[in-house]
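For reference, the structure discussed in these notes is given below.
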């Protein structure tokens, strides 16, 4: 009998190349949702302010493989892993890829842009930010 797979959660940030249009976002989401459903990956994509924040959950080998593909994706650059943890359970189990928009009027973004810099924050602080956005009802798509 084999061991159960190791479940991990990865959180990364990147900067968009060009404008974050509805067409680009729809392409990203459609591809992610189809791939993730077939490979046991769950998570959330948060976009806005020229940034992408994404949480991926699944088997360690699958998340590592997927992150390798993400690093090669030319729709964004300056990709940095903020958090990579083994977890006992999924935080976003119901979503093959939920979608959250960073609205201009979100409380944490009313600060000057320099004050909201996920590259300078801890991964746990950014994950809490995503939790707060989801709790505030900013989730757009399952």
- prompt: Conditions: (1) at pLDDT 85 or above; (2) within 21 Å of residue 126 (Cα to Cα). Residue 107 meets all but one. Number of the miss?
  reply: (1)
task: Would you check if residue 80 is assigned to a strand (DSSP E or B), under 17 Å from residue 99 (Cα atoms) and touching a residue at least 40 places away in the same chain (Cβ under 8 Å)?
output: no
- request: Examine segment 67-74 for a residue that is in contact with a strand residue (DSSP E or B) (Cβ under 6 Å, 6 or more places away or on another chain) and without any contact (Cβ under 8 Å) to a residue 24 or more places away in the chain, and state whether such a residue exists.
  value: yes
- request: Residues being part of a loop (DSSP other than H, G, I, E, B) and either closer than 17 Å to residue 44 by Cβ or modelled with pLDDT of 90 or more (or both): count how many of those fall in segment 1-16.
  value: 1
message: Take residue 67 and tell me if it is closer than 25 Å to residue 122 by Cβ and assigned to a helix (DSSP H, G or I).
response: yes
query: Quick one: how many residues across segment 25-51 are assigned to a helix (DSSP H, G or I), under 12 Å from the mean Cα position of the chain (by Cα) and either surrounded by fewer than 19 Cβ atoms within 10 Å (Cβ to Cβ) or at pLDDT 85 or above (or both)?
result: 1
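The values are calculated or read from the model by the stated rules, or taken from the named source; none is laboratory data. Just so it is clear, the structure is predicted and the values come from calculations on it, not from any experiment. Because the Cβ atoms are built from the backbone with ideal geometry, glycine has one as well, and the counts that use them run over all protein chains shown.
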